[in-house]
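Trainee: Let me give you the structure first, and then I'll get to my questions.
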Ligand code: DC
């Protein structure tokens, strides 16, 4: 069987949704539980922004940014419950999570040339026994034939509370009202951009996690995968 046939057969669970809905945590836990591969597509946009900075490529230069994206030298190394992200041989795990890189990533992610350049790289993650793909356009653009598509959401207020708790743990104070404003602005930007705007795929199941715990969401997704016949019988 050729590689492309193998890839076609590997199931994909797409998890799209707004920032702060819990996609990252949920995707990682589901992938771990099933022993499936994990694609953190947001990390690829963050890495493109970081690599652009390293190589002095302007965030307005779409053609050069697309080249940077196409030739990203990146490795995801699973390590005891977390994944280390390596860019050109250096550890970029914490750097890509900074506010500054996040901002640059959102600009880079709005450019069609960059999105196109990252398409085949994202599709390469589709390998047996399966893939959990976390992002904004996994079900609508990258894996349109995925057998299970989830749109994970939560109220903006709940996401602001979660973000505040995360920041508090990191020793950073932030007011709820300013976090809420930031979240609402980012939602609007993500949903209104002309290329690959954030929206549920027509065949996606929307799961509102406002009143659900993380284990409840993971259980629900496992249940849905089982119902669709995507997991071997226990
Ligand atoms: O999920 P995240 O915060 O790591 O994403 C970083 C940026 O990339 C954010 O601005 C949204 C964007 N993104 C995107 O446009 N498409 C994706 N599939 C994933 C992320």
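Trainee: What number of residues within the stretch 93-115 are touching a helix residue (DSSP H, G or I) at 6+ places or on another chain (Cβ under 6 Å) and closer than 29 Å to residue 33 by Cβ?
Mentor: 3
Trainee: If you don't mind, there's one more thing I want to ask. Just name the residue that is surrounded by the most Cβ atoms within 10 Å (Cβ to Cβ) out of those in the stretch 206-215 that are more than 16 Å from the ligand (Cβ to nearest atom) and in a loop (DSSP other than H, G, I, E, B).
Mentor: Checked the stretch 206-215; the qualifying residue surrounded by the most Cβ atoms within 10 Å (Cβ to Cβ) is 212.
Trainee: Answer yes if at least one residue in the stretch 192-205 is surrounded by 17 or more Cβ atoms within 10 Å (Cβ to Cβ), farther than 25 Å from residue 9 by Cα and at pLDDT 95 or above, and no otherwise.
Mentor: No, there is no match, as no residue in the stretch 192-205 is surrounded by 17 or more Cβ atoms within 10 Å (Cβ to Cβ), farther than 25 Å from residue 9 by Cα and at pLDDT 95 or above.
Trainee: Among residues belonging to the stretch 116-140 that are assigned to a helix (DSSP H, G or I) and in contact with a helix residue (DSSP H, G or I) (Cβ under 8 Å, 6 or more places away or on another chain), point out the one that is nearest to the ligand (Cβ to nearest atom).
Mentor: Among them, the one singled out is 138.
Trainee: With the structure loaded, tell me whether residue 61 is more than 15 Å from the ligand (Cβ to nearest atom), surrounded by fewer than 17 Cβ atoms within 10 Å (Cβ to Cβ) and either without any contact (Cβ under 8 Å) to a residue 60 or more places away in the chain or more than 27 Å from residue 224 (Cα to Cα) (or both) or whether it fails that test.
Mentor: yes
Trainee: In the set 66, 78, 43, 49, which member is buried (at least 19 other Cβ atoms within 10 Å of the Cβ) and either more than 16 Å from the chain's Cα centre (by Cα) or at pLDDT below 95 (or both)?
Mentor: 66
Trainee: Another one. Just to be sure I understand, how many residues within the stretch 34-58 are in a helix (DSSP H, G or I), closer than 26 Å to residue 143 by Cα and within 15 Å of the ligand (Cβ to nearest atom)?
Mentor: Counting residues in the stretch 34-58 that are in a helix (DSSP H, G or I), closer than 26 Å to residue 143 by Cα and within 15 Å of the ligand (Cβ to nearest atom) gives 11.
Trainee: Would you pick out the residues in the stretch 104-115 that are more than 16 Å from the chain's Cα centre (by Cα), in contact (Cβ under 8 Å) with a residue 60 or more places away in the chain and not in a loop (DSSP other than H, G, I, E, B)?
Mentor: Scanning the stretch 104-115 gives a single hit, 112.
Trainee: Within the group 220, 186, which residue is within 14 Å of the ligand (Cβ to nearest atom) and either surrounded by 15 or more Cβ atoms within 10 Å (Cβ to Cβ) or within 12 Å of residue 22 (Cβ to Cβ) (or both)?
Mentor: Just one listed residue meets the conditions, 186.
Trainee: If you take the residues of the stretch 81-100 that are in a helix (DSSP H, G or I) and more than 15 Å from the chain's Cα centre (by Cα), which of them is modelled with the highest pLDDT?
Mentor: My answer is 95.
The values are calculated or read from the model by the stated rules, or taken from the named source; none is laboratory data. Everything numeric here is computed off the predicted structure, so don't read it as measured data. Don't worry about glycine lacking a Cβ; one is built from the backbone with ideal geometry, like all the others, and counts go over all protein chains shown.
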